[in-house]
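Written below as structure tokens is the structure these notes are about.
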Amino acid sequence: MAPAPSPINSQHVAVIGAGAAGLVAARELRREGHTVVVLDREKQVGGLWVYTPETESDELGLDPTRPIVHSSVYESLRTNLPRECMGYKDFPFVPRGDDPSRDSRRYPSHREVLAYLQDFATEFNIEEMIRFETEVVKVEPVNGKWRVQSKTAGGFSNDEIYDAVVVCCGHFAEPNIAQIPGIESWPGKQTHSHSYRVPDPFKDEVVVVIGNFASGADISRDISKVAKEVHIASRASKSDTFEKRPVPNNNLWMHSEIDTAHEDGTIVFKNGKVVHADTIVHCTGYKYYFPFLETNDYMRVDDNRVEPLYKHIFPPALAPGLSFIGLPAMGLQFYMFEVQSKWVSAVLSGRVTLPSVDEMMDDLKLSYETQEALGIPKRYTHKLGKSQCEYLDWIADQCGFPHVEHWRDQEVTRGYQRLSNQPETFRDEWDDDDLMEEAYEDFARQNLISFHPSRFLESGR
């Protein structure tokens, strides 16, 4: 992108959401000289990292009128990547040895992630920009600006005009449900990982868990502590897969996908095995959902692809007034939030320019054609996988941000390898001390930590 010849402009910007994406977006926008208002429906910062025992009345999330519980965090959740690669670039996620209430483990609990986000908000005075308990109900373009309608928990409504809106409300609240032949007549109970909190309700049950990545692997093992049997259905497994997995209670089996469900309560897997199950837990991910957004049908979600979006951020005909932070699925989530926010902030100020609408649409068309030629389903458009660093480095180049560090990239790669190869122990047994040492030495070199790296290396286990 070429630097813009015009002076830097200050815009009045609404940020929707005060989670990990919204917090860093607010910081970067303000750093760039914009005035910022953050709108969040909760009482505190943290977004999905705010744990609540509450769950939705409709545990499959099929009723669009249901009261939404934003969090998908379960009680036993620990991060599935090392903490040092999770943090923002200039605010490392390191142990707080001066506070005994904090979790110093390399793979900490969800409470430690929330505490880190609270620390970030405090360090950069983010809360002064936030209106808590304020739900955005409508966003629409009006005469080159953006109208934002919101309502507070007390019932007060607000109708405001902004120069730009940055959507940072996440995509882990609208459950995606597996389609199972015969499920309509199956008499058992169904729930989604979004509504999972603790294993107690599954005591002595036979449970089928659909999905075996991240939450699926965690939840199946959590439930196995109290259930009679747990059977994992994974479409990543070969059709004849049937394996007993090592867990303390010796009651966890891995299968291929479910073939059919029957009214007598049985579940038939594609490997031919039949199980009489009490409950199905869908650990099948989430759908992108923006019910507040009205763009005269310019934007839509088609088979979980948000379109049209240039580089997963800007809708070409509505850019730069509307942008999205955090849509791609990748390991380096917080880093992505930060670099995307820097780009959006620079574009809004006029310091960096976007291509023309036609050029952005041409780029988007080419990316869709390439995806189709590679046989990648539309629903995986925002799953970047091994291309995440290429994507992040491209955005970094647009706004003068450093590329992803070697250690950060490799911690994600090797971390996911351990998750796959040793799902029972990957959080407490690792083989990448060299990367951890490189990370902490990097932090020390940039004066981002005030103690010698050896202190953090010793506290990692």
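Quick check on the chain: of the DSSP beta bridges with both residues there, what percent are antiparallel, nearest 5%?
Working: 32 of 65 bridges.
Rounded to the nearest five, the antiparallel share is 50 percent.
Could you tell me the relative contact order of segment 1-149? Use alpha-carbon pairs under 8 Å, at least six residues apart, and round to a whole percent. Intermediate values should be presented prior to the final figure.
Numbers: 199 pairs, mean separation 38.3, N = 149.
Relative contact order comes out at 26 percent.
So which chymotrypsin sites (Phe, Trp or Tyr not before Pro) in segment 88-160 end up in coil per DSSP with only 15 or fewer other C-beta atoms within 10 Å? Kindly include the intermediate steps, with their values, before the conclusion.
Values: sites: Y88, F93, Y116, F120, F124, F132, W146, F156; in loops: F93, F124, F132, F156.
Those that pass, being in a loop and sparsely packed, are F156.
For K225, K244, K238, K138, give the ranking by accessible area with the largest first, probe 1.4 Å. Don't skip to the answer; put the middle values down first.
On the way: K225 135, K244 105, K238 155, K138 50 Å².
Output order, biggest surface exposure first: K238, K225, K244, K138.
Just report the Cα centroid separation between segment 269-296 and segment 399-445, whole Å.
About 31 Å separates the Cα centre of segment 269-296 from the one of segment 399-445.
What figure, in Å² to the nearest 10, do you get for the accessible area of E372 with a 1.4 Å probe and non-protein molecules left out?
140 Å²
Return the subset of K311/K386; K89/K378; K287/K383; K311/K365 for which the Cα-Cα distance in this structure is over 21 Å, preserving the input order.
Working: K311/K386 16 Å; K89/K378 31 Å; K287/K383 12 Å; K311/K365 11 Å.
K89/K378, as the Cα separations exceed 21 Å there.
With a 1.4 Å probe and every protein chain left in place, tell me how much accessible area M330 has, in Å² to the nearest 10.
My reading of the accessible area for M330 is about 20 Å².
Checking the a/c ratio against 1.5 first, then a/b against b/c, what shape does the Cα gyration tensor give for segment 221-366? Walk me through the numbers on the way to the answer.
Values: a/c = 3.28, a/b = 2.52, b/c = 1.30.
Since a/c reaches 1.5 and a/b is larger than b/c, the shape of segment 221-366 is classed as prolate.
For D103, tell me the accessible area in Å² from a 1.4 Å probe, rounded to the nearest 10.
30 Å²
Quick check for me: using +1 on Lys/Arg Cβ and -1 on Asp/Glu Cβ, what's the dipole size of the chain about its Cα centre, in debye to the nearest 20? Intermediate values should be presented prior to the final figure.
Values: 49 positive and 71 negative charges, 34 e Å.
Around 160 debye, computed over the chain.
If you take the Cα atoms of the chain, find Rg, then find the Kirkwood Rh from the mean of 1/r over all pairs, what is Rg/Rh? All intermediate terms of the calculation are to be shown ahead of the outcome.
Details: Rg = 22.7 Å, Rh = 23.5 Å.
The Rg/Rh ratio comes out at 0.97.
Per residue, how large is the accessible surface of segment 71-200? Use a 1.4 angstrom probe and give square angstrom. Walk me through the intermediate numbers first.
Numbers: 5390 Å² over 130 residues.
That works out to 41 Å² per residue.
At a 1.4 Å probe radius, which order do E243, E128 fall into by accessible area, largest first? Don't jump to the answer; show the numbers that get you there.
Working: E243 95, E128 140 Å².
Listed by decreasing accessible area, they come as E128, E243.
Among Q410, Q371, Q388, whose Cα lies farthest out toward the positive end of the dipole of segment 365-424, if unit charges sit on the beta carbon of Lys, Arg (+1) and Asp, Glu (-1)?
The residue sitting farthest along the positive end of the dipole is Q371.
Could you sort W186, W394 by accessible area so the largest value comes first, with the probe set to 1.4 Å? If you can, show how the numbers build up before the last one.
Working: W186 15, W394 80 Å².
The most accessible residue leads, giving W394, W186.
Considering only W343, Y288, A329, whose Cα is most displaced toward the positive end of the charge dipole of segment 257-364, charges sitting on Cβ of Lys, Arg (+1) and Asp, Glu (-1)?
W343
So for the chain, averaging the separation of alpha carbon pairs under 8 Å that are six or more residues apart and normalising by length, what relative contact order in percent results? Before the final figure, lay out the partial values.
On the way: 906 pairs, mean separation 87.9, N = 461.
After rounding, I find 19 percent.
Quick one: Cα centre-to-centre distance for segment 76-101 and segment 221-245, in angstrom?
If we compute the Cα centre of each part, the gap is 30 Å.
Sum -39500 (n - 2.57) across every DSSP H segment of at least 4 residues in the chain, then divide by the residue count to get the 222 nm mean residue ellipticity, nearest 500.
Values: 10 runs with 120 residues, N = 461.
Helix contribution divided over all residues of the chain: -8000 deg cm²/dmol.
The values are calculated or read from the model by the stated rules, or taken from the named source; none is laboratory data. All values derive from a computational prediction rather than experimental measurement. In this analysis, Cβ positions are derived from the backbone assuming ideal geometry, glycine residues included, and neighbour counts consider all displayed protein chains. For accessibility, only protein heavy atoms count, side chains too; no ligands or nucleic acids. Shrake-Rupley method; radii C 1.70, N 1.55, O 1.52, S 1.80 Å.
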